[in-house]
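Remarks on the structure that follows.
Just so it is clear, none of the values below were taken in a lab; they were calculated from the coordinates. Keep in mind that what you see is a predicted model, and the values were worked out from it rather than measured. Using ideal geometry, Cβ is built from the backbone for each residue, glycine included, and neighbour counts are taken over all protein chains shown.
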């Protein structure tokens, strides 16, 4: 009985480690603050401009449901990072960083609440936007699927 329990615990630990990769990525709100939408946007820029921080981006700077979809698709954060290193994704991240910087300068924003979720949207012109959503733990995270600001 004890051997079975130990084997189950070991299997669970292996699965959790596999979901996040060889080294667990720890939340670091000192290095990447997410207490306000502006801090989160700056943290997003910092993570995307820092070598080896894409795993952090996937783990903590996007909404948890997006992180979960990435893990379901790629099985681990490390695999998701590896799959997003091609030229198309790298160039897309560079464009996102430049857009975020411009959005922070322009300060064209809107905010609201929909379905019990607070959102904050930075806009650049009529076509570019980044929507952040407040999580239950108080962090703001980017919703990569948001196409336009929530209006409910």
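Miscellaneous remarks
- Convex hull of alpha carbon positions in the stretch 34-135: directionally averaged projected area 6.8 nm².
- Spin-label model distance (nm) - residue 128 vs residue 30, 7 Å beyond Cα toward Cβ: 3.3
- With each label modelled as a point 7 angstrom along the Cα→C-beta vector, the residue 82-residue 69 pair spans 2.3 nm.
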